[in-house]
Amino acid sequence: MAVYGISVDSVFSHRAFAKELGGLPFELLADFERRLVEAYGVRREDVSGYSGMPNRSIFIVDHDGVIRWIWVRSKEEPFPNYDEVVAVATQVASSAVDK
């Protein structure tokens, strides 16, 4: 199983962020051109001055590239259920091992 954080910030910003936190247990990928933001349909246009920023979201993708679970931030659910995220990720990862 692999975990990646994806942000529209630059690689340089990611390095500074990780350094500030004393390191991260996963890799940060830069989507500076917002290709993944567009592909995954999480582009926001509702915040003045922040056109094209992504909506905070989580996608769990299996080893075949199939999206198995999605969470997208909303007013009703500003944070994901982290226990559910871990449970689903663990289930998807273990199903890859069973193949």
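Checking the a/c ratio against 1.5 first, then a/b against b/c, what shape does the Cα gyration tensor give for segment 59-99? Oblate is the answer for segment 59-99, as a/c is 1.5 or above yet b/c matches or exceeds a/b. Length available on full extension from Arg15 to Ser48: 0.36 nm per residue minus the Cα-Cα distance, which gives 9.1 nm. The long axis of helix 11-20 is offset from the longest Cα principal axis of the chain by roughly 70 degrees. Restriction of the GluC sites (Glu not before Pro) in the chain to DSSP coil positions whose beta-carbon has at most 16 other beta-carbons within 10 angstrom yields Glu33, Glu45, Glu76.
Think of each Lys and Arg Cβ as +1 and each Asp and Glu Cβ as -1; about the Cα centre, that makes the dipole of segment 1-77 roughly 140 debye. What is the helix-to-structure angle for 82-98, meaning the angle in degrees between its Cα long axis and the longest Cα principal axis of the chain, kept from 0 to 90 and rounded to the nearest 10? Roughly 50 degrees between the two axes. Within the chain, the longest segment free of exposed loop sites, counting chymotrypsin sites (Phe, Trp or Tyr not before Pro) that fall outside DSSP classes H, G, I, E and B and have at most 12 other Cβ atoms within 10 Å, spans 51-99.
Here, each number is a calculation from the coordinates, and none is a lab measurement. The structure displayed is predicted, hence computed values, not measured ones. Every residue, glycine as well, gets a Cβ built from its backbone with ideal geometry; the counts of neighbours run over all protein chains shown.
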